[in-house]
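The structure under discussion appears below in the form of structure tokens.
The values are calculated or read from the model by the stated rules, or taken from the named source; none is laboratory data. Bear in mind the structure is a predicted one, so any value in this text is a computation, not a measurement. Every residue, glycine as well, gets a Cβ built from its backbone with ideal geometry; the counts of neighbours run over all protein chains shown. To get the accessible areas, we keep the full protein, side chains included, count just its heavy atoms, and leave off ligands, DNA and RNA. Shrake-Rupley method; radii C 1.70, N 1.55, O 1.52, S 1.80 Å.
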Amino acid sequence: MSRISKEEVKHVANLARLAISEEEAETFTKQLDDIITYAEQLNELDTEGVEPTTHVLDLKNVMRKDEPKKWIEQEDALNNAPDHQDGQFKVPSVLE
Amino acid sequence: MSLFEHSLRELQEKLHNKEISVSDLVEESYKRINEVDGEVQAFITLNEEAAKAKAKELDEQRGNDDAKLFGLPIGVKDNIVTKGLRTTAGSQFLRNFEDPLYDATVVQKLNEAKSVTIGKLNMDEFAMGSSNENSSYAAARNPWNTDYVPGGSSGGSAAAVAAGEVPYSLGSDTGGSIRQPAAYCGVVGLKPTYGRVSRFGLIAFASSLDQIGPITNTVEDNAFLLETIAGYDKMDSTSANVDVPSYTEALTNDVKGLKIGVPKEYLSEGVNPEVREAVQNALKKYEELGATWEEVSLPHSKYALSTYYLLSSSEASANLARFDGVRYGKRADDVESMLEMFMRSRAEGFGDEVKRRIMLGTFALSSGYYDAYYKKAQQVRTLIKNDFEKVFEDYDVIVGPTTPTPAFKVGDKVDDPMTMYANDILTIPVNLAGVPGISIPCGFSEDGLPIGLQIIGNHFDESTVYRAAHAYEQATEFHKQRPSLGGANA
């Protein structure tokens, strides 16, 4: 039985903000299904009560003081932008 | 003989005594690149003009400056941000990212140590790959035989050192991306303990696994470079505030009484007989040197690959959300809405493997599947980490092969993601556990391709890893062999 349908793949692509063609949707359906089927070997393991590891070190959240400081100049920050105007990033209309 | 067959310390001595100049070293690097990089394709971007100018400037101070890497030319993997020097991470999305605004912390440290950056090294796109064939520029090739892959994702970093284009380089390792190419190219590559080296300015792939590390010709050079780049950084909240010892002082050439654990899972049927034999010979060498070894077990090893792909892809899907076409990088032409801009810029800017992993990660994190895949993988990660902790209660290091086979041919695995992923089966558990691991040369296949020995240590115990690696290296000749690639060194 397949783990993932083409419709689900299209839904996931939309969540990931990734335009995909019909052909890509088919390829991804097959490939993701293979990978997920393989990954389901993890179900062989009983992980009841096992703490999930998010990080290998015992890290504590580090907070710095919330103080303004100089970092990057506005002009420099715009240097790599595909489009900008009046010192701001320019994008197409947000509302349709 | 190429100048780069000298160790970094020897080169420094020659600089200090004015036998050579920084300009000589930098010229040597570009000369070699001109000779062989058409074939090896280790570099994506060169920094020639700036590097030559810096060499001239440094030559004025020669003999009077004892900065740690004074005048030594280095190559930097292209996912490490360099101020004003194009940084693409191997992706078309960042083809026009010509003017990064700051240096990664490791690059700042290289600059403070007065090394000279020769250029940016080729890699699989966003570090996702094991062969360099996912580079969206040109796939780097293995200097030992250019029909073969150099490994990945830091394929350019390993190939450049093996080909004598630079004496040392930086790579990054998420599931084996330093150690696997180091093994394939017959050089020395270390993935430090998670948190040992700042990731600030490393273009993130999987933040709980990524580490920057050195690739060099010898263990001594490697230790020398790690000393320079390691340490706490307030700009990286995951960097560890743990003292950095002198790694070069750890190279005592003495492994008497060293206790080695050899996981039976690492010498299983799936490992190529030539590789197995090379590792068994290495264990005999360790016995001769006074170390002892015993078989141990890392029982959850076979689950590492699944765990890794679920976790790393999930983290990648979140990390790569920043590539939106607004502030830098690719923006698709003629987009009419914001949403269309996101969707098409990403579709046009990313290659297939990157898309596949973003899709897998987004799926694993999506509502309804999170517990079954992502959380489950995090729990299995705990079991894998516990396996290592248990072995390190009784043993100083873990030794095994770096990869199940030597390098494979270009094009051999490109159509089958699952076989490609299986290359990293012996390196991935180390990232999941967060411990340090090194690959050093331990033999050659019948086809003349290098074989790598992996030595794994406990958290923050790079010193013991280096000591074990160095003693073996000094007792063998494998690291002295060089590929017979075209040009003056042929």
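Could you list, in sequence order, all residues of segment B:81-104 that are touching a residue at least 60 places away in the same chain (Cβ under 8 Å) and not in a loop (DSSP other than H, G, I, E, B)?
Once the filter is applied, which keeps residues that are touching a residue at least 60 places away in the same chain (Cβ under 8 Å) and not in a loop (DSSP other than H, G, I, E, B), segment B:81-104 yields B:GLN92, B:PHE93, B:LEU94.
Do any residues in segment B:152-176 that are open to solvent by 10 Å² or more (accessible area, probe 1.4 Å) have Cβ atoms under 6 Å from those of residues that are in a helix (DSSP H, G or I) and among the charged types (D, E, K, R), where the two are at least six apart or on different chains, and which pairs are they?
Every condition considered, the pairs that remain are B:GLY164/B:ARG32.
Which residue is modelled with the highest pLDDT, if the candidates are limited to segment B:346-391 and must be over 23 Å from A:GLU48 (Cα atoms) and open to solvent by 60 Å² or more (accessible area, probe 1.4 Å)?
So, considering only residues that are over 23 Å from A:GLU48 (Cα atoms) and open to solvent by 60 Å² or more (accessible area, probe 1.4 Å), the one modelled with the highest pLDDT is B:GLU348.
With respect to B:ALA250, determine if the residue is in contact with a helix residue (DSSP H, G or I) (Cβ under 8 Å, 6 or more places away or on another chain) and either open to solvent by 10 Å² or more (accessible area, probe 1.4 Å) or basic (Lys, Arg) (or both).
yes
Does B:VAL435 satisfy the condition of being touching a His at 6+ places or on another chain (Cβ under 7 Å) and crowded, with 24+ Cβ neighbours inside 10 Å?
Details: touching a His at 6+ places or on another chain (Cβ under 7 Å): yes; crowded, with 24+ Cβ neighbours inside 10 Å: yes.
Criteria met by B:VAL435.
Could you grab me the full set of residues in segment A:25-39 that are more than 8 Å from chain B (Cβ to nearest Cβ), in contact with a helix residue (DSSP H, G or I) (Cβ under 7 Å, 6 or more places away or on another chain) and open to solvent by 30 Å² or more (accessible area, probe 1.4 Å)? First the steps, then the outcome.
Looking only at segment A:25-39, we keep the residues that are more than 8 Å from chain B (Cβ to nearest Cβ), and these are A:25-27, A:29-30, A:33, A:37.
Subsequent filtering for residues that are in contact with a helix residue (DSSP H, G or I) (Cβ under 7 Å, 6 or more places away or on another chain) retains A:25-26, A:29.
Within segment A:25-39, just A:GLU26 meets the criteria.
Name the pairs whose Cβ atoms lie under 6 Å apart, with the first residue in segment B:212-234 and of a type in the set (D, E, K, R), the second part of a helix (DSSP H, G or I) and open to solvent by less than 10 Å² (accessible area, probe 1.4 Å), and 6 or more positions between them or separate chains?
Final answer for the pair search is B:ASP221/B:LEU8.
Condition first: open to solvent by less than 80 Å² (accessible area, probe 1.4 Å) and in a helix (DSSP H, G or I). Now tell me which residues in segment B:293-312 satisfy that.
Selection gives B:SER301, B:TYR303, B:ALA304, B:LEU305, B:SER306, B:THR307, B:TYR308, B:TYR309, B:LEU310, B:LEU311, B:SER312.
Identify, please: which residue in segment A:1-24 is part of a helix (DSSP H, G or I) and facing another protein chain (nearest Cβ under 10 Å) and is, among those, nearest to the chain's Cα centre (by Cα)? Let's see the steps before the verdict.
Taking segment A:1-24 and keeping what is part of a helix (DSSP H, G or I), we get A:6-15, A:22-24.
If we keep only those that are facing another protein chain (nearest Cβ under 10 Å) too, we end up with A:8-9, A:11-15, A:24.
Numbers: A:GLU8: 17, A:VAL9: 15, A:HIS11: 14, A:VAL12: 11, A:ALA13: 11, A:ASN14: 11, A:LEU15: 9, A:GLU24: 19 Å.
Top of the filtered list is A:LEU15.
When the residues of segment B:191-228 are filtered to those that are open to solvent by less than 10 Å² (accessible area, probe 1.4 Å) and touching a His at 6+ places or on another chain (Cβ under 7 Å), which remaining residue is farthest from the other protein chains (Cβ to nearest Cβ)?
Checked segment B:191-228; the qualifying residue farthest from the other protein chains (Cβ to nearest Cβ) is B:VAL219.
When you go through B:GLY329, B:GLY290 one by one, which is the residue that is out of contact with any strand residue (DSSP E or B) (no Cβ under 9 Å at 6 or more places or on another chain), in a loop (DSSP other than H, G, I, E, B) and farther than 30 Å from A:ASN79 by Cβ?
Result: B:GLY290 is the single residue among B:GLY329, B:GLY290 that is out of contact with any strand residue (DSSP E or B) (no Cβ under 9 Å at 6 or more places or on another chain), in a loop (DSSP other than H, G, I, E, B) and farther than 30 Å from A:ASN79 by Cβ.
For segment B:318-345, which positions are polar (S, T, N, Q) and surrounded by fewer than 24 Cβ atoms within 10 Å (Cβ to Cβ)?
B:ASN319, B:SER337
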